[in-house]
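**Q** There's a structure below that I have some questions on.
The values are calculated or read from the model by the stated rules, or taken from the named source; none is laboratory data. Quantities reported herein were computed from a predicted structural model and do not represent experimental measurements. We place every Cβ from the backbone using ideal geometry, glycine too, and count neighbours over all the protein chains shown. Just the protein is used for accessible areas: all its heavy atoms, side chains included, with ligands, DNA and RNA removed. Shrake-Rupley method; radii C 1.70, N 1.55, O 1.52, S 1.80 Å.
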Amino acid sequence: MKNSKLVFISAGEASGDARAAELITEALKINPDLKFFGLGGPLMKSVGVEILTDLTKFAHVGFGDVLKNYFTYRRIFYGAL
């Protein structure tokens, strides 16, 4: 796996997880040496992404919900890096 490229990808809810999994599947057809890691869900994991945190468990709608969960997201962000 010489010259493999490491790609970070993030999806914060179920539909993003599904679209990212589709994108990764197609990208791997073009370049099978790509390695993916990031924040996502079970569909991304099923196509080979190393999931640092399953963000689909923390999906929130609206600024208020995000603000209420600021410290959770902050811990995820700093723990994932």
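**Q** Every residue in the range 28-49 that is of a type in the set (A, V, I, L, M, F, W, C) and surrounded by 11 or more Cβ atoms within 10 Å (Cβ to Cβ), please.
**A** Looking only at the range 28-49, we keep the residues that are of a type in the set (A, V, I, L, M, F, W, C), and these are 28, 30, 34, 36-37, 39, 43-44, 47, 49.
Residues satisfying the conditions are Leu28, Leu34, Phe36, Phe37, Leu39, Leu43, Met44, Val47, Val49.
**Q** Right, something else. Among the residues that make up the range 24-41, is at least one of them under 19 Å from Phe77 (Cα atoms), assigned to a helix (DSSP H, G or I) and without any contact (Cβ under 8 Å) to a residue 12 or more places away in the chain?
**A** As a first pass, look at the range 24-41 and keep what is under 19 Å from Phe77 (Cα atoms): 36-41.
Remaining after also requiring assigned to a helix (DSSP H, G or I): none.
Within the range 24-41, not a single residue is under 19 Å from Phe77 (Cα atoms), assigned to a helix (DSSP H, G or I) and without any contact (Cβ under 8 Å) to a residue 12 or more places away in the chain.
**Q** Look at Val49 and say whether it is of a type in the set (Val, Ile, Thr) and under 13 Å from the mean Cα position of the chain (by Cα).
**A** On the way: of a type in the set (Val, Ile, Thr): yes; under 13 Å from the mean Cα position of the chain (by Cα): yes.
Yes: the conditions hold for Val49.
**Q** Then there is this: Report the residue count in the range 5-27 for those that are open to solvent by less than 50 Å² (accessible area, probe 1.4 Å) and in contact with a strand residue (DSSP E or B) (Cβ under 9 Å, 6 or more places away or on another chain).
**A** Of the residues in that region, 10 qualify.
**Q** Among Thr72, Thr25, which is hydroxyl-bearing (Ser, Thr, Tyr) and modelled with pLDDT of 95 or more?
**A** Values: Thr72 fails: modelled with pLDDT of 95 or more.
One residue alone meets the criteria, Thr25.
**Q** Output the residues belonging to the range 50-73 that are open to solvent by less than 70 Å² (accessible area, probe 1.4 Å) and either among the hydrophobic types (A, V, I, L, M, F, W, C) or in a loop (DSSP other than H, G, I, E, B) (or both). First the steps, then the outcome.
**A** Our first condition is that a residue be open to solvent by less than 70 Å² (accessible area, probe 1.4 Å); within the range 50-73, this holds for 51-56, 58-60, 62, 64-66, 69, 72-73.
Selection gives Ile51, Leu52, Leu55, Phe58, Ala59, His60, Gly62, Val66, Asn69.
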